[in-house]
Amino acid sequence: MKESPQCVSAQAFILSKHWDRLTPKEREQLEVFNTRVQGYEFDQKMLNDFSMMDKVHGKVEAVKARKAEILENGKAELAAAAAKKLAGLVVGLRDFVQAKISTLKSSDVATLQKTHKEQTRALEKGRATLEDVFDQAILDAHQKFEDILAEVRDARSAYSNVSIHEETHKEAYTDYVYRGGWGIVDFFCGPKEVTRYRTCTTRYAEAYQAVDRVDDFANKARRMLEKGIRSAVDLRALQNRIVDAALAIFENAPSDDFDVDLLKSQIVRAVRMVTIPDADFGEVDYSKAITSKFSGDRVDEDKIDVLKAAQREALFEVIRDLEKRAKSKAASIEKTLQDTMASFVDSLIGDLKKDCEQTAKALKDKEQNLKRWNDYLPILDKAKSQVGM
């Protein structure tokens, strides 16, 4: 549940907490508060109420109280995702068992061996087609990686500014006036000291605001990169394209002995082994690196440019580190896809050969093995009902 924005005054809150031990700087800040509203003077309670911090703390405590509920909701979402994945595995396994039963009923050893040779030739002939599917996924992912890095760099500019404030105060100074009698200037009478007042304007910026801006950018950039890397490769769509491409290879195969259902289940089983590394960056905390570039709470006049420079450097440091992490993740994903592409056809041929050998062996005791495979079906049907399929 999102909370509505809450305006707060950290400065008013600090003044209320330090009320009995205000520093000279804090006394000046209190004077600013009192001069902004003519005829109104803040006391400790007024400052605390004005800061709105009690309301913020109340919201924080409310969120803490809902911690268990939030965690339970998160667990429920994870459980739902796991159940969906498990359901897919159960359905795939049942299809595989059913295909095995059909093959045992209709095949003999000679036909199996002939079929495997034709499958091997078809896959060798279609190797380039399958590799093209992986190549396209790698190219698309690389472009998406570059796009998300560019988005993060562009987002930096929105966090590179810091608000400049102005405050005015009366400043007393001593002037010397030479005057004689009757309003006539008389340089022999000596100077007369006169206290005069002038209005001074001071420009300043808050260092904590610069720190917050950099920290906000670091959190947003990390989320953008992790989300972008996760979405760069649609694993389910890639797996489906591989299955479609593999099945298309066999459309013009010379033999009518192929068991399409068994072949598809074998290909799907091999494709499920295609995975990519996680995009999570792990624990990343830039707070120390950020705060080390700033000093003090308030920056006046000519030091504002120094604050801005420190803010820009902190932003660049965040970008450099996050880009390094993102490129490492991207390279790992691309390498995984390249390695899978290089071995996929050979692995699939090996799996088909292994299945052929196991089926040929099972044919030696056909009836017993048919019974064994058929015994699996009610177990898998029950599993399907339990996972909601």
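For the range 149-170, filtered to residues that are among the small types (Gly, Ala, Ser) and more than 19 Å from Gly228 (Cβ to Cβ), the residue that is surrounded by the most Cβ atoms within 10 Å (Cβ to Cβ) is Ser160. The residues of the range 171-184 that are open to solvent by 80 Å² or more (accessible area, probe 1.4 Å) and either modelled with pLDDT under 75 or under 18 Å from Tyr204 (Cα atoms) (or both), listed by number, are Tyr178, Arg179, Trp182, Ile184. Checked against (1) modelled with pLDDT of 70 or more; (2) closer than 30 Å to Ile379 by Cβ, Glu28 meets all criteria but (2).
This table checks each residue for (1) over 15 Å from the mean Cα position of the chain (by Cα); (2) modelled with pLDDT of 85 or more; (3) assigned to a helix (DSSP H, G or I).
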{"residue": "Gln143", "(1), (2), (3)": "yes, yes, yes"}
{"residue": "Ile148", "(1), (2), (3)": "no, yes, yes"}
{"residue": "Ala155", "(1), (2), (3)": "no, yes, yes"}
{"residue": "Asp186", "(1), (2), (3)": "yes, no, no"}
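For the range 340-363, the criterion of being among the aliphatic types (A, V, I, L, M), modelled with pLDDT under 90 and within 21 Å of the chain's Cα centre (by Cα) is met by no residue.
Once the range 114-148 is narrowed to residues that are in contact with a helix residue (DSSP H, G or I) (Cβ under 6 Å, 6 or more places away or on another chain) and among the aliphatic types (A, V, I, L, M), the residue that is surrounded by the most Cβ atoms within 10 Å (Cβ to Cβ) is Ala137.
Filtering the range 159-175 to residues that are under 30 Å from Ala218 (Cβ atoms) and either in a loop (DSSP other than H, G, I, E, B) or in contact with a helix residue (DSSP H, G or I) (Cβ under 8 Å, 6 or more places away or on another chain) (or both) leaves Tyr159, Ser160, Asn161, Val162, Ser163, Ile164. Once the range 295-339 is narrowed to residues that are of a type in the set (Val, Ile, Thr), out of contact with any strand residue (DSSP E or B) (no Cβ under 9 Å at 6 or more places or on another chain) and surrounded by 17 or more Cβ atoms within 10 Å (Cβ to Cβ), the residue that is farthest from Arg203 (Cα to Cα) is Ile333.
The values are calculated or read from the model by the stated rules, or taken from the named source; none is laboratory data. Note that the coordinates shown come from a computational prediction; the quantities given were computed from them, not determined experimentally. Cβ: placed from backbone, ideal geometry, glycine included. Neighbour counts: every protein chain shown. When the accessible area is computed, the model is the full protein with side chains, heavy atoms only, and any ligands, DNA or RNA have been set aside. Shrake-Rupley method; radii C 1.70, N 1.55, O 1.52, S 1.80 Å.
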